[in-house]
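First up is the structure itself, then whatever we jot down about it.
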Amino acid sequence: MRERDDEWTGLMRSAIAGDSAAYHRLLKAVTPVLRAAARRGLARAGQPVDQSEDIVQDILLAVHLKRHTWDVSAPFAPWLFAIARNKLIDALRRRGRRIFVDIDDFAETLPGEAPAETASASEVAAQLQTLPARQREVLQSIAVDSASIKDTAAKFSMSEGAVRVALHRGLTSLTAKLREQ
C-alpha cells in the first residue's frame, strides 16, 4: 500500500511538472482501484454496481480539473480517495434511496391481481331506484345517456352547479348502498 502511494505521488508530481506520459500511467494505475472502490460503495448502499463506471469517470474528471489544488508535498492517495468518496456520495444522493429487487424472484410467491368487485346491472338499477328523483334523473342523464352537465342542466331547468351537486350526492349515496350489500 505504501509503495503504491509513493508511486502514485511520484507520478502525480511528474504530471504536474508537465510529463504527460507519467499522467497517463497514473490514471491507468488508479482506475482499477477506483472502480473497485466505487463497486464496493454502491454495493454497501444497496445500489446496482453496474453504475460504478459513471462514478469512476466523475472521479477521473474531478482529478483532472482539480489537480492544481493538490499539495505536491503531500501524499497523493488521501487526496484521490477524498475526491472518490465525495463523488460516490454525490452519485448516491442523485439516485436517492432506492432499493432494487428483481420482481422475477418473487413471481410465484406474489398473489395474482384480485378481481375488481363489481355490481351487476340489475343491482345498480335496483339501488338507483332508491335514490331521490332528482339525483336519479341526473345520474341517468350523465352516466347512462352520456349527456354533458350543461345539457343535463338545460334538460331539467337546473344550474350547472346544482347538477354537479346532485350528481355527486347521487354517486356518493349509490356507492354507499352498493358497498352495504
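The values are calculated or read from the model by the stated rules, or taken from the named source; none is laboratory data. On a predicted model such as this, the values are computed, not experimentally measured, just so you know. Please note: Cβ atoms are built from the backbone with ideal geometry, for glycine as well, and neighbour counts cover all protein chains shown. Note: accessible area is taken over every heavy atom of the protein model, side chains too, but ligands, DNA and RNA are not part of it. Shrake-Rupley method; radii C 1.70, N 1.55, O 1.52, S 1.80 Å.
Numbers at a glance
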| item | result |
| --- | --- |
| Subset of segment 22-48 (residues that are open to solvent by 50 Å² or more (accessible area, probe 1.4 Å) and over 16 Å from Leu92 (Cα atoms)) | His24, Arg25, Lys28, Pro32 |
| Test for Leu61: is it in a helix (DSSP H, G or I), out of contact with any helix residue (DSSP H, G or I) (no Cβ under 8 Å at 6 or more places or on another chain) and either in contact (Cβ under 8 Å) with a residue 12 or more places away in the chain or open to solvent by 80 Å² or more (accessible area, probe 1.4 Å) (or both) | yes |
| Selection from segment 159-181 of residues that are touching a residue at least 12 places away in the same chain (Cβ under 8 Å) and surrounded by 13 or more Cβ atoms within 10 Å (Cβ to Cβ) | Val163, Arg164, Ala166, Leu167, Arg169, Gly170, Leu171, Ser173, Leu174, Lys177, Leu178 |
| Filter result (hydroxyl-bearing (Ser, Thr, Tyr) and within 34 Å of the chain's Cα centre (by Cα)) within segment 11-70 | Thr31, Ser52 |
| Within segment 124-153, tally of residues that are open to solvent by 80 Å² or more (accessible area, probe 1.4 Å) and out of contact with any helix residue (DSSP H, G or I) (no Cβ under 8 Å at 6 or more places or on another chain) | 3 |
| Total residues in segment 130-148, condition at pLDDT below 85 and either of a type outside the set (A, V, I, L, M) or farther than 15 Å from Leu171 by Cβ (or both) | 1 |
| Residues (open to solvent by 30 Å² or more (accessible area, probe 1.4 Å) and either at pLDDT 95 or above or of a type in the set (Gly, Ala, Ser) (or both)) located in segment 75-87 | Ala82 |
| Odd one out for Leu92 among (1) within 19 Å of Thr31 (Cβ to Cβ); (2) under 28 Å from the mean Cα position of the chain (by Cα) | (1) |
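Here is a yes/no grid of residues against (1) closer than 27 Å to Arg39 by Cα; (2) modelled with pLDDT of 90 or more; (3) in the same structural domain as His24 (by the TED database); (4) part of a helix (DSSP H, G or I):
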{"residue": "Asp71", "(1), (2), (3), (4)": "no, yes, yes, no"}
{"residue": "Ile89", "(1), (2), (3), (4)": "yes, yes, yes, yes"}
{"residue": "Ala114", "(1), (2), (3), (4)": "no, no, no, no"}
{"residue": "Lys150", "(1), (2), (3), (4)": "no, yes, no, yes"}
{"residue": "Leu171", "(1), (2), (3), (4)": "no, no, no, yes"}
